[in-house]
Amino acid sequence: MSVSAVPLLRLSIADLPTDFRQRALHWAAQFPHCAYFEPNDASYPEGPFERILAVASPAARSSDSLAALEADDSSAFRCGFVTYDVKNDIEALTSGNADGMGWPQLHFFTPETWLCWQADAVEVHGNAEGVLDQILAQSLPSTSAPQVPVMRARLPKANYLQAVTAIRTDILNGEVYELNLCQEFYAENVRLNPVDAFWRLMEVSPAPFAGFVRWHDRFLLCASPERFVARRGARLLSQPIKGTIRRGATPAEDEQQRNALLNDEKERAENLMIVDLVRNDLARVAQTGTVHVPELFGLYPFRHLWQMISTVEATARPGTTLVDVLRAAFPMGSMTGAPKIRAMQLIEHYENVRRGLYSGSMGYVWPNGDFDFNVVIRSLQYRQDSGYLSFEVGSAITYDSDPEREYDECLLKAKALLEVLGAAIGE
């Protein structure tokens, strides 16, 4: 942890009820600005998120644009999110597709109260008065599992298959080498308890970069396995994921699946292309000669999937800020394709909905400038005011892609989300 302030309150975990985290998030979700980062005690190369819960009132100090974030010279601890549409501030791009969620392009806030979990204690920072009593008094509502009968496809399967075929032609014509094509599934007029649904998602899909965000009436419930970028001192770290296969039903089958992914030339080619893109991105803010790849094609198991993860590192130039890193590397290459700008232009053409916070990022920034940000995937987005519920899934399209196989990969990534909702896919 990089917090410099002395906590106002330190609570021994041994003295807290076993459901303290659940009570704390129910308490925090009442605030209009809430961010929770959940590592799920995962074993992950370079470590997962730290467990942090932060809240603020509408009057809290905040930034809602790259320019405002850049101008904020505060040395306070901050939490926030960056939507995919920030690409339009970084490059000469636009977003004209439908937007059911209506997130701001980005939002960072200085929490008025934040909790940081240590191995044996929970530290309370900021305004700690009465916080423990309020959390312990928080009742856990007895709610039944969500029942969302059908999630409708924004892009019908036939149209998705046609898009993959068209992208293969674009690749053949030299437009891109690889393109990440995503699709939305949505429902309307849904009543959902966001906190309850989040914990159900954690049970089904515990992930190292999970998180919960409330921004007024909008909620993000995230079970991400992927780190976008972290800073530790002068060291920058990015860990793109490209390469997916389902887990096996038996240990022998699981090992067979792992080896199949390891030796899949298409998946390795996808991963390598994105690693090269990330190397080029980080080089824009790195000291000369410091960009390197300590792990290529690492294979890591999750509840439903094996994932191929590579690690790219660099040493930041003196004076490099978070905004400098965002301008150099956002959006993450694993969610765009390569080359990045042309890929994003084609994404706007082939996808019929704005990604918004999906394939964006949520994270936290310490007072000393260290930070950690995920890739927002495997996530539910919910508008409490309108009842709009959405999730998106995608896959990387290369010339060797089979359209049916790519569609099946999307459904595999949707499995945990559908299980949480008790839903099925409809056209």
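The values are calculated or read from the model by the stated rules, or taken from the named source; none is laboratory data. No experiment lies behind these values; they were computed from the predicted model shown. Here the Cβ is made from the backbone with ideal geometry for all residues, glycine too, and neighbour counts use every protein chain on show.
Annotations
- Flag if A54 is outside any helix (DSSP H, G or I) and surrounded by 18 or more Cβ atoms within 10 Å (Cβ to Cβ): yes
Here's the yes/no breakdown for (1) closer than 23 Å to E419 by Cβ; (2) modelled with pLDDT of 95 or more; (3) acidic (D, E):
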residue: A234; (1), (2), (3): no, yes, no
residue: Q257; (1), (2), (3): yes, yes, no
residue: A269; (1), (2), (3): no, no, no
residue: V275; (1), (2), (3): no, yes, no
residue: R279; (1), (2), (3): no, yes, no
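- Residue list for segment 291-327, filter: surrounded by fewer than 20 Cβ atoms within 10 Å (Cβ to Cβ), of a type in the set (G, A, S) and within 21 Å of I241 (Cα to Cα): G298
- Filtering segment 385-423 to residues that are part of a loop (DSSP other than H, G, I, E, B) and surrounded by fewer than 17 Cβ atoms within 10 Å (Cβ to Cβ) leaves D385, S386, G387, Y399, D400, D402, G422.
- Counted residues, segment 328-358 - those being surrounded by 24 or more Cβ atoms within 10 Å (Cβ to Cβ) and polar (S, T, N, Q): 2
- Residues in segment 320-379 that are part of a loop (DSSP other than H, G, I, E, B), charged (D, E, K, R) and touching a Lys or Arg at 6+ places or on another chain (Cβ under 8 Å): D370, R378.
- Against the list (1) under 23 Å from the mean Cα position of the chain (by Cα); (2) without any contact (Cβ under 8 Å) to a residue 12 or more places away in the chain, the condition A249 fails is (1).
- Any hit, segment 387-405, residues being on the phi > 0 side of the Ramachandran plot and touching an Asp or Glu at 6+ places or on another chain (Cβ under 9 Å): yes
- Residue list for segment 395-418, restricted to those being closer than 18 Å to A343 by Cβ and among the aliphatic types (A, V, I, L, M): A396, I397
- The one condition from (1) under 16 Å from E226 (Cβ atoms); (2) of a type outside the set (K, R); (3) part of a loop (DSSP other than H, G, I, E, B) that Y300 does not meet is (3).
- Sub-7 Å Cβ pairs linking a first residue in segment 35-49 that is at negative phi to a second residue that is of a type in the set (D, E), at least 6 apart or interchain, are F37/E50; P39/E50; P45/E295; F49/E38; F49/D372, ordered by first then second residue.
Here is a yes/no grid of residues against (1) touching a helix residue (DSSP H, G or I) at 6+ places or on another chain (Cβ under 6 Å); (2) among the hydrophobic types (A, V, I, L, M, F, W, C):
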| residue | (1), (2) |
| --- | --- |
| F209 | no, yes |
| V213 | no, yes |
| H216 | no, no |
| L220 | no, yes |
| S224 | no, no |
| R227 | no, no |
| G248 | yes, no |
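- Output for segment 307-359, where each listed residue is under 18 Å from R284 (Cα atoms) and either among the charged types (D, E, K, R) or touching a Gly at 6+ places or on another chain (Cβ under 8 Å) (or both): T311, E313, R317, T321, L322, D324, R327, P331, K340
- For H349: the one exception among (1) closer than 30 Å to G126 by Cβ; (2) at pLDDT 95 or above: (1)
- Scanning segment 102-128 for residues that are in a loop (DSSP other than H, G, I, E, B), over 17 Å from G80 (Cβ atoms) and touching a helix residue (DSSP H, G or I) at 6+ places or on another chain (Cβ under 9 Å) turns up Q118, A119, D120.
- Index of the failed condition, D85 passing every other in (1) at pLDDT 95 or above; (2) more than 21 Å from P32 (Cβ to Cβ); (3) touching a strand residue (DSSP E or B) at 6+ places or on another chain (Cβ under 8 Å): (3)
- Selected residue [touching a helix residue (DSSP H, G or I) at 6+ places or on another chain (Cβ under 7 Å) and β-branched (V, I, T)] from V190, V176: V176
- Test result for E184, out of contact with any Leu (no Cβ under 8 Å at 6 or more places or on another chain), at pLDDT 95 or above and either at positive phi or surrounded by 20 or more Cβ atoms within 10 Å (Cβ to Cβ) (or both): no
- Unmet criterion (only one of (1) crowded, with 20+ Cβ neighbours inside 10 Å; (2) without any contact (Cβ under 8 Å) to a residue 40 or more places away in the chain) for S144: (1)
- Any hit, segment 242-252, residues being over 20 Å from F49 (Cα atoms), touching a Pro at 6+ places or on another chain (Cβ under 9 Å), outside any strand (DSSP E or B) and of a type in the set (K, R): yes
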